[in-house]
């Protein structure tokens, strides 16, 4: 099956308009060589996070398939978006992004929607990962699903009793200077939104936003710091500098690995925020086929299982879960919700708030001190 | 003894010929061309583009080229930015003053109490820590100052305290300490340069005339090395105003600086507003530099 | 290489050279003629323009107007490296990063002389300056005097038409200076190169020079041999700058064929002096008398016999024995003081202090006075 | 009070101060080196046991090695380019007086004073949208040169002001053309300043993150690698790298000073 061609976009529009997308594509697939991903060789440019591949993976793929990935690393979604906006597919073929950031790339016409069926490896995915609503458009699927994690509230049971189940625990005056959060203004505002009962934490109304801002202001005495790197939360929990913090899945193990005390984590009953990562192909990508071929290799269960062992947060490759089971990692995989991808859909997905300016200014004002 | 015979009332020593006094412009002037092109092409013009942005509007993730002063108005109307700017200013000032006070005796130590043969090595050792990662060095400080950090461990071990105390990290003091660490080498190098030129027999003369060491320092040494101190002040104070990583890492919730807020704005795609705030600060810096112009003249520092 | 234009040309000739730095006039219409093989000295206080003159000959600074010729060739637009002139700089300007041999060999090296030839010549220069075996040292490892000699060798190795020396002995202490003065003069005789020498030390100028140009405020005020300048200073500045002098200001009373009579207020009798220049009655003039020409007259009645026609009275204010002579300061009746150098020996030498407060008469011959017009 | 004992005490006091100063400067460095041998992956206290695992990880990670070479390449190029540009600009700044010199002086130091974030973003927009230049290590070098050249300029200007211009006159007097004067006299004598400037530029470039991020193409540098480890954190692998880097530079430095002092002795 293919959506490649000289007038690919025109064709896409036509078929989509006629409601014959899949059918038309399959009819035409016979005429277009190199349609399925997995045959191209060469090198391509990938803007990503350092945890989207494991040590040795790129080298192995380069050696076995003559596909050379050149990763450029970034830390913040907005930085990657700005960069892709500026340089486009000429210089970046593939880019990683968080949940609702992906549609922004699409709106900005920066990425080329995919047909997951082009990727044989996509058969290994949980079926629900193939049909995220927010990634589905008439032109195709926006990103190849990679991994996910809800943001939980981690706490030290020695100091935080009884076991909390709500965001409200953060405002307890006992925990003055005992809380750390990652510095992601949109996400912090979204947490506040969750805590104050906003309907859409990433798209609050004026009143909701005002309430969230006030909540953050009230919370400031309890916040020790906003951390640049998530690992800091682990360190701070490990040396008992903080008793509460927002964290990805797997915080318990990471704190223990760092020599820290027993830590527990919960998903607040009001709901929480989470990320779903994916890989996007840039529009007019110069090495589009190479990138697609790479994706087909890199997303294979063997690598994904390896990735889970290395970084410890759930991924969307179902076959990898089986591999983990076989290798004796089932307990950990289950504890990290690997087998319950449906939870991913219950999260408020990370993304830029449509009301960018209001969110940022609210955050800046609440945290100015 | 004067190296060149000076003509009475002559402004320039004959070695440094004023261009106006010769008919042909000196070929040395061509040396300004590459740096001029570099800064024009890759500094002034790109910054001018950003200046334009600061007068535009953002809609979603697109810059809309509607002229507006809103971005500047917001800076002056939202109290948050003023509060943080003031804090930024005070922290930078405090660090700069402490750095100068700490660096001066250290530079003196280098000039007066190290063997001339190894002085250069000692000097290079001052900047060598820069060859490791900035981020890692700041992290290292966190494991010195933290609740379970080196200091607390030592105090616990010595039974000075029973519980880890939290006075060293995640507050403005931590920002000051880490900034001091990061900027001290610059202060040392600059003050060293002015101390090295000083003729220390003057100190003996002052002592001979009955000055205490402190008086000799105040009356003889400091006035003659003042230029170096002020130059160091400028070169520490101003760059610190734009720092955002250190305050975020060690500053806690109360130690954030203006650049942190600008970064937040940029991350939220509020380029016009972020640029506007930055340019207000940059404008202040330029005004300050023009006022302190005299001390940008490092020849003052190096003239014997 | 020396230009074979013979000696029809001056080694250096400045015609109407002026130099302005902004509004400041450093040199004002200076003309000089320096002959081949001459030891020529520019003498003057600091700021008089002597170093500027040297720098113009060397080609380091451009002239504002005027012509500079070296061996008859007009050179004022040539850069230093195209003039066959070399300089010994004040404080020597030895290259600190090069050895003595590299310093001395620098000129030939720039002219692409073969390396073995350079080595030979450097060795010869080291012999000339009496520093054989010093070739591998760095300048910083030499004494001031040794550095000076290296600077000289570095310049001389190029066999320049003219050697310029800018206060070359200025940084040395007296004893070495004296010694090097002798050496300099010897070397100059040996190599026969024209030396143009800048100094503010009049004694050094007198010892070394064939001719001296005294400069003041950007002008050459007098040019001549050491003796002629000493004995016939052109004006008060020269007289004062070279040697010590007594000045008496007065009005011309009478002009005879070869003698002028000057009335000095406060003196009992007028001063008679040889008329070496035209003056008119009533004109204000200065009479200069060198201290060694003045004599203490114990008995004024014998003065005429010794031709001591000029006599003034005074009281001895100071007296000091200086070895070769005794220096006596006499307070004169007109309120000025006179300086006398009295040859040693006798009463003066044994107890100069005993003279203090004594009233004395000073005398000098007509031909010992000089009439100066300012 | 005995003068010599008092001097001795002052001497001792300053020595102690100096040692404390170096301790302050090096404590964090030693600590981060120490963590590179720590079993705990958090890169912080407490020490949970000795391991060389992080060094093995380091050498196994092609990306870190690539990033290291990229950083090195950029830093070397940056210091070369900015040293040339800064040095030739230092001559007129040190030796001439001309109109607008004061304004130029402010312009020349402004890149040091303006936040790097602003330089980075404006360069990205300028390169990509306005000039349509392909981002690469070359554009990174340009970005770095913009802010390191002022440092070179300052250092070399200082050295030139200290330079006895009579030495140049002497060379010209001895027949050296302007080029030879520069080659044999001026440059050897200002070279310590030039070297210091180059070292400065190299150091600054090596640790630059924010300008690098915005101006780089499909590559990565060490600071970028470190900053990108946001989600799951830095492992002591980076500490291992920093340790090796630091040791390497110390080694180079010691050899340099050792040969320098040897040469100095030979000449005496």
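The values are calculated or read from the model by the stated rules, or taken from the named source; none is laboratory data. These figures come from a predicted structure and were not determined experimentally. Positions of Cβ are backbone-derived with ideal geometry, glycine not excepted, and every protein chain shown enters the neighbour counts.
Brief remarks on what is shown
- Matching option when the condition is surrounded by fewer than 24 Cβ atoms within 10 Å (Cβ to Cβ), out of contact with any helix residue (DSSP H, G or I) (no Cβ under 8 Å at 6 or more places or on another chain) and on the phi < 0 side of the Ramachandran plot, among A:275, A:266: A:266
- Total residues in the stretch B:71-85, condition in a helix (DSSP H, G or I) and either on the phi > 0 side of the Ramachandran plot or surrounded by 15 or more Cβ atoms within 10 Å (Cβ to Cβ) (or both): 8
- Selection status of residue D:166, touching a strand residue (DSSP E or B) at 6+ places or on another chain (Cβ under 9 Å), surrounded by fewer than 23 Cβ atoms within 10 Å (Cβ to Cβ), within 7 Å of another protein chain (Cβ to nearest Cβ) and over 30 Å from residue D:128 (Cα atoms): yes
- Within the stretch B:155-180, considering residues that are surrounded by fewer than 22 Cβ atoms within 10 Å (Cβ to Cβ) and part of a helix (DSSP H, G or I), the one nearest to the chain's Cα centre (by Cα): B:180
- Any hit, the stretch B:145-154, residues being in a loop (DSSP other than H, G, I, E, B), on the phi > 0 side of the Ramachandran plot, surrounded by 22 or more Cβ atoms within 10 Å (Cβ to Cβ) and in contact (Cβ under 8 Å) with a residue 12 or more places away in the chain: no
- Any chance residue B:157 is farther than 27 Å from residue D:199 by Cβ and within 14 Å of chain A (Cβ to nearest Cβ): no
- Residue A:45 meets all of the listed conditions (1) farther than 24 Å from residue A:110 by Cβ; (2) in contact with a strand residue (DSSP E or B) (Cβ under 6 Å, 6 or more places away or on another chain) but one, namely (1).
- Residues in the stretch A:278-298 that are buried (at least 24 other Cβ atoms within 10 Å of the Cβ) and either out of contact with any strand residue (DSSP E or B) (no Cβ under 7 Å at 6 or more places or on another chain) or part of a loop (DSSP other than H, G, I, E, B) (or both): A:285, A:287, A:298.
- Meeting the requirement of 1 or more residues that are within 11 Å of chain B (Cβ to nearest Cβ), the helices (runs of 4 or more DSSP H) wholly within the stretch D:27-118 are D:62-95, D:101-113.
- Any chance residue B:50 is assigned to a helix (DSSP H, G or I), within 14 Å of chain A (Cβ to nearest Cβ) and either modelled with pLDDT of 85 or more or in contact with a strand residue (DSSP E or B) (Cβ under 7 Å, 6 or more places away or on another chain) (or both): yes
- Filter result (outside any helix (DSSP H, G or I) and within 22 Å of residue A:282 (Cα to Cα)) within the stretch A:55-83: A:66, A:67, A:68, A:69, A:70, A:71, A:72, A:73, A:74, A:75, A:76
- Where helices (runs of 4 or more DSSP H) fall wholly inside the stretch A:316-368, the ranges with 1 or more residues that are buried (at least 19 other Cβ atoms within 10 Å of the Cβ) and in the same structural domain as residue A:181 (by TED's automatic domain parsing) are A:356-367.
- Among the residues making up the stretch D:129-145, a single one is assigned to a helix (DSSP H, G or I), within 7 Å of another protein chain (Cβ to nearest Cβ) and surrounded by 24 or more Cβ atoms within 10 Å (Cβ to Cβ): D:145.
- Filter result (over 24 Å from residue B:171 (Cβ atoms) and either within 19 Å of the chain's Cα centre (by Cα) or within 9 Å of another protein chain (Cβ to nearest Cβ) (or both)) within the stretch A:199-233: A:200, A:201, A:202, A:203
- In the set (1) without any contact (Cβ under 8 Å) to a residue 24 or more places away in the chain; (2) surrounded by fewer than 20 Cβ atoms within 10 Å (Cβ to Cβ), the condition left unmet by residue A:82 is number (2).
- Just one of the listed residues (D:248, D:197) is more than 10 Å from every other protein chain (Cβ to nearest Cβ), at pLDDT 80 or above and either surrounded by fewer than 21 Cβ atoms within 10 Å (Cβ to Cβ) or in contact with a helix residue (DSSP H, G or I) (Cβ under 6 Å, 6 or more places away or on another chain) (or both), and it is D:197.
- Residue in the stretch A:148-164 that is surrounded by 24 or more Cβ atoms within 10 Å (Cβ to Cβ), within 11 Å of chain D (Cβ to nearest Cβ), out of contact with any helix residue (DSSP H, G or I) (no Cβ under 8 Å at 6 or more places or on another chain) and closer than 16 Å to residue A:347 by Cβ present: yes
- Residue list for the stretch C:186-201, restricted to those being crowded, with 16+ Cβ neighbours inside 10 Å and in a helix (DSSP H, G or I): C:187, C:188
- Residue in the stretch A:259-269 that is under 26 Å from the mean Cα position of the chain (by Cα), more than 8 Å from every other protein chain (Cβ to nearest Cβ), in a strand (DSSP E or B) and within 19 Å of residue B:145 (Cα to Cα) present: no
- Of all the numbered requirements in (1) at pLDDT 90 or above; (2) away from chain A (no Cβ under 14 Å); (3) within 29 Å of residue B:253 (Cβ to Cβ), residue B:132 misses one, and that requirement is (1).
- Within the stretch C:19-30, considering residues that are within 13 Å of chain B (Cβ to nearest Cβ) and touching a residue at least 12 places away in the same chain (Cβ under 8 Å), the one farthest from the chain's Cα centre (by Cα): C:20
- Failed item in (1) surrounded by fewer than 19 Cβ atoms within 10 Å (Cβ to Cβ); (2) more than 14 Å from every other protein chain (Cβ to nearest Cβ), with residue C:245 passing the rest: (1)
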